[in-house]
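**Student:** One structure, pasted below without further comment.
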Amino acid sequence: MGKIQDKKEALLEKLSQEMKANGGLMKTSQLYELSLDYRKIKQFVEEGVLERVKSGYYGMGFLGKSEETMISELFPDGVLYLETALFYRGYLKTRPVCWQIAVDKNTSKSRFKMNYPPVKPYYLEADILMLGAEKISLKEGNMFVYNIERLICDCLKFEEKLERAMLQHLLRQYIEEPQKDIQKLLEYARIRRVTQKIQNRIGVWL
């Protein structure tokens, strides 16, 4: 019994070290590399040693982290989108409850099967995913977010998904923005096929 306990403690120590090196989050395939099979992983979850964060991901202390840290570590290839992005750009006072994230259209949908934090993915073509994306520092972690010109275009493209009053307020804010880049806005509008909407909604003010 003593040898079995010693072996388990050694495995837990190794697991703890690897988890720490990976920011408290590991894929199932990484756990397999540590000689943990499905049965052992299930046992550790039941014992409270491991946390099942979402499909294919496990953590140790990960669920105690802030939402910002969790999002930045789970979706480093994503870009904060629409209202979530507007909050981090300073155009909204309150962050939406659900994290809106743009990802490559070929991204596995299983990545978003999670209860917390709530995430709403938007699947975009690879050639436009990083258009206007810039990496910024959150309170905890770093994340890509679109610049305001790209956000204006995409908010108009998906305006049926947004509150009308919020969109109108956003457009007024942009019109009054001293640092706005009209040339970039029109370039993005052409690529996102919303040139007519830009001209109709704010063209007279530009």
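**Student:** So if I check each of THR84, THR28, which one is surrounded by 14 or more Cβ atoms within 10 Å (Cβ to Cβ), β-branched (Val, Ile, Thr), more than 25 Å from VAL145 (Cα to Cα) and out of contact with any Leu (no Cβ under 8 Å at 6 or more places or on another chain)?
**Tutor:** THR28 is the lone residue from the list that is surrounded by 14 or more Cβ atoms within 10 Å (Cβ to Cβ), β-branched (Val, Ile, Thr), more than 25 Å from VAL145 (Cα to Cα) and out of contact with any Leu (no Cβ under 8 Å at 6 or more places or on another chain).
**Student:** Could you tell me which of the residues GLY141, GLY132 is within 29 Å of ILE41 (Cα to Cα) and not polar (S, T, N, Q)?
**Tutor:** Going through GLY141, GLY132 in turn, the sole match is GLY141.
**Student:** Could you tell me which of the residues TYR174, TYR146, TYR188 is at negative phi and in contact with a strand residue (DSSP E or B) (Cβ under 7 Å, 6 or more places away or on another chain)?
**Tutor:** TYR146
**Student:** Are there any pairs with C-beta distances below 7 angstrom linking a residue in the stretch 167-182 that is touching a residue at least 24 places away in the same chain (Cβ under 8 Å) to a residue that is exposed (fewer than 12 other Cβ atoms within 10 Å of the Cβ) and not acidic (Asp, Glu), with the two at least 6 apart or on different chains, and if so which?
**Tutor:** Taking only residues 6 or more apart or on different chains, the pairs are ILE175/TRP205.
**Student:** If the Cβ limit is 7 Å and pairs must be 6+ apart or interchain, which residue in the stretch 14-33 that is modelled with pLDDT under 90 pairs with which residue that is of a type in the set (A, V, I, L, M, F, W, C) and part of a loop (DSSP other than H, G, I, E, B)?
**Tutor:** So the pair list comes out as LYS14/LEU34; LEU15/LEU34; SER16/MET60; GLU18/LEU34; MET19/MET60; GLY24/MET60.
**Student:** Please note which helices (runs of 4 or more DSSP H) are completely contained in the stretch 1-93 and include at least 2 residues that are in the same structural domain as ARG111 (by TED's automatic domain parsing) and under 27 Å from the mean Cα position of the chain (by Cα).
**Tutor:** So the answer is 67-74, 82-88.
**Student:** Okay, moving on. Surrounded by 14 or more Cβ atoms within 10 Å (Cβ to Cβ) and among the hydroxyl-bearing types (Ser, Thr, Tyr) - does that describe any residue in the stretch 144-153?
**Tutor:** yes
**Student:** A further question follows. Look at LYS135 and say whether it is under 21 Å from GLU67 (Cα atoms) and surrounded by fewer than 16 Cβ atoms within 10 Å (Cβ to Cβ).
**Tutor:** Yes: the conditions hold for LYS135.
The values are calculated or read from the model by the stated rules, or taken from the named source; none is laboratory data. Since this is a predicted model, take the numbers as computed values, not measurements. Note that each Cβ is placed from the backbone with ideal geometry, even for glycine, and that neighbours are counted across all protein chains shown.
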